[in-house]
Amino acid sequence: MSDREGGADDDVGLPKATVFKLIQEMLPQDIACSKEAKDIIVDCCVEWVKLISAQSNSVCDASSKKTISPEHVIEALKQLGYEDFIPEVEESNKDFKQSQKERQRTQPDTNGMTQEELLALQERLFASSQARMQSGQ
């Protein structure tokens, strides 16, 4: 039985269709890649992600932190000899942070109710909930 069949790796994976699409985009037009080769590439990608994750976790632990940060990932890349990846990782992190700042925060739909109506509704709901709790329902 392989690791994939009921083993510990069942919870680790990448979307095969996405990886297959990336493979196809990377190859020249006149080159094809068999499904078996694509599956091996997916497995290698999963192992690489697990390696970076484990090393990032070790760096995180060594710094007495509980959450892996981008800095931990960058240090892990250095320790594993992937320094060439660092500029792209830093740029991607910068872009992500910028997109989070620019993200539109949507307000919940209030069905046209005014602030006062919403507050009155909230107070009624709290009172109803409190009454149910006191009556044991």
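The values are calculated or read from the model by the stated rules, or taken from the named source; none is laboratory data. Given the structure is predicted, the values throughout are model-derived calculations rather than measurements. Areas reflect the complete protein model, heavy atoms only, side chains present, ligands, DNA and RNA absent. Shrake-Rupley method; radii C 1.70, N 1.55, O 1.52, S 1.80 Å.
Taking volume of the Cα convex hull per residue in Å³ as calculated from this structure, the corresponding entry among (1) 299; (2) 105; (3) 125 is (1). Protein heavy-atom surface of segment 58-137, 1.4 angstrom probe: 51% of the accessible area is carbon and sulfur, with nucleic acids and ligands not counted. Counting only residues at least eight positions apart within a chain, or on another chain, the lysines with an alpha carbon under 18 Å from that of Lys35 are Lys16, Lys21. Per-residue ellipticity at 222 nm computed for the chain from its helices equals -21500 deg cm²/dmol, with DSSP H segments shorter than 4 residues left out and the rest contributing -39,500 (n - 2.57).
Straight-distance candidates among the lysines for linking to Lys78, with alpha-carbon spacing under 26 Å and chain neighbours fewer than 8 residues away dropped: Lys50, Lys65, Lys66, Lys94, Lys97.
May I ask for the angle, rounded to the nearest 10°, between helix 70-79 and the longest principal axis of the chain, with both axes built from Cα atoms and the value confined to 0 to 90°? On a 0 to 90 degree scale, this one is about 20. In the context of the full set of protein chains, the chain has a per residue accessible area of 82 Å² (1.4 Å probe).
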